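Taken together, the values in this text are just the output of simple stated rules run on the coordinates, not laboratory data. The structure displayed is predicted, hence computed values, not measured ones. Every residue, glycine as well, gets a Cβ built from its backbone with ideal geometry; the counts of neighbours run over all protein chains shown.
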Amino acid sequence: MVACGGWTLAVPGSTKVQDANIAHIRHVATHPDHVRKGLAKAIMAHCFEEARAIGVTQFSCFSSLAAVTFYESVGFIAGEQQTVSFAPDLPFPMIVMTLEF
């Protein structure tokens, strides 16, 4: 596997759907030997197509600081920076990003 990614209607960190019009990008990644070949953009295009087909009008994602430029390249707009803790001593700085169709 050289790239992966997906989306969900569930709010990150839960299994609940807060708004059926808002989808959430999950874990887009590309193997370092295969970056800049369009794989992640193709995955995103597929996610957008699937979501639009069920009436989604907005996407949200929690971007790592390193991935902000990628998400901006597919239309997302950067919002506020937040920190998510994966463990008591493992903070993860991220940017909340949104895309409206």
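Couple of notes before you dig in:
- Of the beta bridges in the chain, as assigned by DSSP with both residues counted there, near 90 percent are antiparallel.
- Exposure proxy ranking for D19, D33, based on other Cβ atoms within 10 angstrom of each Cβ and starting from the fewest, stands as D33, D19.
- Hull volume per residue, based on the alpha-carbon atoms of the chain and their convex hull, is 115 Å³.
- Remark on A3: its backbone amide H falls under 5 Å from those of H31, a criterion applied only to residues 5 or more positions apart or on other chains, H modelled at 1.01 Å from N.
- Applying the Karplus relation 6.51 cos²θ - 1.76 cosθ + 1.60 with θ = phi - 60° to the stretch 20-30 yields 3J(HN,Hα) values of 5, 8, 10, 9, 10, 6, 10, 6, 7, 8, 10 Hz, where x marks Gly and Pro.
- Amide H contacts under 5 Å for V28, placed H, 5+ residues apart: G6
- What the Cβ-Cβ distance of V17 and E49 gives, at R0 = 25 Å and to the nearest 0.05, is a FRET efficiency of 0.80.
- The relative contact order of the chain, computed from alpha carbon pairs under 8 Å that lie at least 6 residues apart in sequence, is 24 percent.
- Positive-end extreme of charge dipole, the stretch 3-100 - chosen from L90, G6, V68 (charges on Cβ): G6
- When the chain is treated as a GNM with alpha-carbon contacts under 10 Å, the residue of V84, V17, V28 showing the greatest mean-square fluctuation is V84.
- Couplings 3J(HN,Hα) of the stretch 94-99, computed from phi: 8, 10, 7, 10, 9, 9 Hz, in residue order, whole Hz [Karplus 6.51 cos²θ - 1.76 cosθ + 1.60, θ = phi - 60°; x for Gly and Pro].
- Rounded to the nearest 20 debye, dipole of the stretch 29-80 from Cβ charges on Lys, Arg, Asp, Glu: 160
- If you run the Gaussian network model on the chain, springs between alpha carbon atoms under 10 Å, then out of A87, A40, A51 the most flexible one is A87.
- Annotation for Q81 and L9: the two label points, set 7 Å from Cα along the Cα-Cβ direction, are 3.5 nm apart.
- Per-residue Karplus couplings for the stretch 39-49, computed as 6.51 cos²θ - 1.76 cosθ + 1.60 with θ equal to phi - 60°, are listed in order as 5, 5, 5, 5, 4, 4, 4, 5, 4, 4, 4 Hz, Gly and Pro entered as x.
- Amide hydrogen proximity for F92: with H placed 1.01 Å from N in the peptide plane, the residues at 5 or more positions away or on another chain lying under 5 Å are V84, S85, F86.
- Residues F76, F62, F92 arranged by fewest to most Cβ contacts within 10 Å: F92, F62, F76
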